[in-house]
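Every read-out reported here was derived from the displayed coordinates using simple, explicitly stated rules and does not represent laboratory data. Because the structure is predicted, anything quoted here is derived from the model rather than measured. Note: ideal-geometry Cβ built from the backbone for every residue, glycine included; neighbour counts use all protein chains shown.
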Amino acid sequence: MPRGAQQPVRQRESEPPIEGLDRSAAAVSYVLHIERAVKRFGQATALDGVDFGVAGGERVAIVGRSGSGKTTLLRCLNLLETPTSGTLSYEGRVVGSWGGPSPRTPSRRELSQHRIHVGMVFQRFELFPHLTALGNVMLGLRRSLGYSKHEARERAMEQLALVGLAERARAHPHELSGGQQQRVAIARSLAMEPKVMLFDEPTSALDPELVDEVLAVILKLAERGMTMVAVTHELAFARDVATRMVVVDSGEIVEQGPPGDIIHSPASPVTHSLLRRLRLT
Amino acid sequence: MAYVMRQILVGVPVTLLLAVLAWILCGLLALPITGLVRSRLLPLRVLGDLITMFVRGVPELVALFVVFFGLQQYVSLSPLDAAIIAFGIVEAPFASEIYRASLTTVQRGQRDAADSIGLNRLQGFVHVVLPQAVRFAIPPMINLFIGMLNLSSVAAAIGVNDVIQRANFLMSASTGGLRFLATTGGICIIYLVMVAPVSYVSRLIERRMRRDLFGARAPRRLWQRSIVIRGSGAA
Amino acid sequence: MSSIITALAPGATVTLELTGISCALVFVLSVALAIGTNSRVRAVGIACRRYVDVFRSVPLLAILYLLFFGLPTVSPALALSALWCSVIGIAVSEAAFTAEIYAGAIRSVSRAQWDAAASIGLSRRQAYWRVVLPQAAVPAAAPTINMLIWVIKDTSVASLITVNELTLRADSLININARPLATYLVLLGFYVVVTVPLGYAGRLVERGLMARLGGGAVLQ
């Protein structure tokens with residue numbers, strides 16, 4: 001995708017989608033696509049008309065300073081936040097549409113389904129403290145996907161093995177290190193067999209020596225072709241793993257393109273100062 | 001119905017008087033208890049703790065009977081006096097808990113601050129800690145007062161001429177039917193009406209104090225605790 | 001003195017019955033109210049909060065009077081036994097207090113846990129049942145024991161509407177033996193023997209759970 005040229009086409013909420021125009025990406029079929037996303041919290045505008053899509057197999061790194069709207073964007077992708085206006089589509093089908101002439105709110109079941117397809121890993125892991133690692137992974141399998149206890153346990157153990165924690169299956173979260181907890185969190189999301197994985201600053205809450213084990217798992221997922229969108233501070237991740245880098249500021253996409261290009265020669269001054277700050281940390 | 005209400009209203013001043021005096025008494029009795037519980041001497045702390053645990057376990061109605069009938073042999077007490085004493089004693093541990101919590105809330109940074117400007121322990125306490133602790137203690141103490149209002153309803157059991165006692169008179173003087181319903185409904189309404197403004201004022205104060213102290217983590221916990229400390233709904 | 005004890009003892013059974021049934025009711029009702037207070041349906045939330053406001057303001061005895069004396073006049077079918085009036089009255093009254101505590105416990109579970117539950121496709125009900133309530137149980141445990149103590153104390157009020165539990169038995173006994181102080185002191189003993197250990201147990205539970213589950217949410 002050409003760097004810098006992808007300025008989001010700003011449209012007013014009431015206008016119908018412009019057929020074909022912004023669809024230079026129409027040739028690429030998006031797995032997950034949010035259009036004209038606006039999110040307001042009271043007076044504050046977190047997202048100001050963002051168009052963002054991910055194609056199958058892509059790995060997108062979203063960067064920006066705190067308050068730029070990057071986390072809000074991510075949370076809109078699995079509808080943990082409901083956009084004030086905009087349209088969210090999954091595999092070409094509209095999941096929900098807000099604001100605008102014909103709003104469509106997803107039913108509870110559709111929401112649940114969507115979150116099965118689009119998994120999320122949180123900055124603070126958010127494992128369920130009253131369950132073991134195995135229990136954490138099994139919960140979604142049993143209650144959302146409806147597996148029997150036996151099947152759920154088998155599948156859960158598979159996922160834990162994948163992230164290298166099979167022998168800690170019976171441990172409770174507080175007995176695990178941060179890196180281990182985050183890996184269990186990844187296993188928990190993976191168990192749902194999502195098409196897209198969202199990562200919200202997955203390594204920010206980790207001690208430096210624990211970051212690598214988590215990045216290793218994410219790399220493994222990347223090698224298996226998982227489509228992912230990650231909000232991150234880790235430039236190394238963006239440079240080495242991501243296929244596209246998106247810079248967000250003040251609720252808008254400022255520039256996007258291949259990470260190498262952007263990191264090397266950022267087009268926008270915002271990106272420039274951001275990169276400088278990220279390199280220093 | 002209006003007749004019923006007027007009759008019941010006669011009991012309101014007594015209820016209020018009882019609640020206020022008992023509340024004041026319990027507030028005073030709580031002071032030595034708090035002193036014991038926060039003492040630096042272990043045996044005193046244990047004693048304070050035992051007293052607290054014991055008194056908290058006593059049903060208020062039983063305390064009422066013990067005080068009234070027990071002390072009758074030595075000193076003649078009017079039912080109202082006995083009620084004030086009994087309720088004051090029974091609620092004292094809760095008031096003490098409130099005092100303790102407010103003191104802990106303040107002490108955290110403030111003692112150091114007072115030390116650092118050269119105040120000695122006593123001065124620090126009186127001029128820095130205490131004024132703040134008092135402010136923290138006000139909302140839960142008002143809550144406690146509401147509890148006391150509710151608690152006072154039981155005093156009719158030893159003949160105190162309060163709202164419930166008026167209801168008793170009304171019902172014994174009639175032959176049942178709607179009079180009963182009006183009476184019992186009436187007392188509920190009266191209590192609602194008595195408590196509501198106090199609740200409202202309490203919430204106002206809470207809100208104002210939370211705003212004044214915005215940013216301090218502690219106050220929130222204290223006010224949540226105030227929910228746990230309350231005079232029982234009846235006894 | 002032992003004669004007093006033996007005379008009062010049968011009342012203990014009634015007190016225990018009352019306590020047991022009332023506690024169960026209080027628990028169920030409070031949990032329902034606590035969940036209701038956090039409901040996303042506005043009407044439900046408001047109704048639950050109003051309930052709590054009202055029943056925290058009206059004393060237990062007034063509620064018992066209303067149930068025992070007032071209800072039967074509306075319709076003979078509504079004439080409940082003194083026992084049932086007490087159970088319902090205590091449950092309805094105590095639930096208002098416990099509900100607030102339980103609601104606080106639910107709120108103390110971090111928002112992010114809700115997010116995590118949603119992110120694996122759990123519905124709101126599943127999230128409550130499998131993720132939030134189990135965690136809320138930790139800060140709710142000690143206050144629940146306190147609730148038990150309150151209910152035991154409340155049962156003595158039931159004596160005023162003729163329920164033949166411990167306190168009423170003591171009153172009756174005094175008419176026979178004319179030893180009010182001794183009798184009431186023994187009565188006191190009956191209650192304290194149960195409530196004080198419970199009080200200590202509650203404190204142990206609070207400290208124990210805090211230690212065991214480390215970073216779990218703590219409700220002060």
- Query: Roughly what would the spin-label model give for B:L119 and A:A267, points 7 Å off Cα along C-beta, in nm?
  - Reply: 6.2
- Task: Describe numerically, in nm with one decimal, the distance between label points set 7 Å from Cα along Cα→Cβ at A:R277 and at C:S110.
- Result: 2.3
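If R0 is 22 Å, what FRET efficiency do you get for C:L16 and C:A201 from their C-beta distance, rounded to 0.05?
Details: r = 17 Å, r/R0 = 0.76.
The computed FRET efficiency comes out at 0.85.
Assuming R0 = 56 Å, can you tell me the calculated FRET efficiency for the pair C:R42 and A:E158, based on Cβ-Cβ distance, to the nearest 0.05? Let's see the in-between values first.
Working: r = 44 Å, r/R0 = 0.79.
The pair C:R42/A:E158 has a calculated efficiency of 0.80.
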- Note on the structure: Which residues qualify? For A:M245, with a placed amide H closer than 5 Å and at least 5 residues away or on another chain, they are A:A61, A:G257
- Task: Hydropathy first: keep DSSP H helices in chain B averaging at least 1.6 on Kyte-Doolittle, then drop any whose Cα extent along the axis falls short of 24 Å, and list what survives.
- Result: B:12-37
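Mind checking the mean number of beta-carbon atoms from other chains within 10 Å of the Cβ atoms in A:125-133?
Values: counts 2, 10, 2, 9, 11, 9, 3, 0, 0.
Neighbouring Cβ atoms belonging to other protein chains average 5 per residue here.
Ignore the peptide's own chain and count Cβ atoms of other chains within 10 Å of each Cβ in C:48-61; give me the average, rounded.
Mean shielding count: 6.
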- Task: Pull out a ≥ b ≥ c, the square roots of the eigenvalues of the alpha-carbon gyration tensor of the stretch B:2-228, then state rounded if a/c is under 1.5, prolate if not and a/b is larger than b/c, and oblate in the remaining case.
- Result: oblate
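Taking each residue in C:200-206, count the Cβ atoms of any other chain within 10 Å of its Cβ, then average. What number comes out?
Mean number of neighbouring Cβ atoms from other chains: 1.
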- Message: I want to check the label-to-label distance for A:E193 and A:A166. Put each point 7 Å from Cα in the C-beta direction and report it in nm to one decimal.
- Response: 2.0
- How many times 2.2 N^0.38 Å is the alpha carbon radius of gyration of the stretch C:2-212? 1.20
- Taking θ as phi - 60°, what are the ³J(HN,Hα) couplings along the stretch A:63-71 by the Karplus curve (6.51, -1.76, 1.60), each to the nearest whole Hz, with x for Gly and Pro? 10, x, 7, 5, x, 6, x, 5, 5
- Message: What do you get for trypsin sites (Lys or Arg not before Pro) in the stretch B:1-80 restricted to DSSP loop and a cutoff of at most 12 other Cβ within 10 Å of the site's Cβ?
- Response: B:R40
- Query: From the phi of every residue in the stretch A:40-49, what ³J(HN,Hα) in whole Hz does the Karplus formula 6.51 cos²θ - 1.76 cosθ + 1.60 yield, where θ is phi - 60° and glycine or proline is x?
  - Reply: 10, 10, x, 7, 7, 9, 8, 10, 10, x
- Query: GNM on chain B, C-alpha springs below 10 Å: top fluctuator among B:V14, B:V201, B:V163?
  - Reply: B:V201
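Size of the dipole of the protein assembly as shown about the Cα centre, Lys and Arg at +1 and Asp and Glu at -1 on the beta carbon, nothing else charged, in debye to 20?
So the dipole magnitude of the protein assembly as shown works out to roughly 480 debye.
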- Quick one: go through the stretch A:174-191 and flag any residue whose amide nitrogen is under 12 Å from the point 7 Å out along the Cα-to-Cβ line of A:A236. none
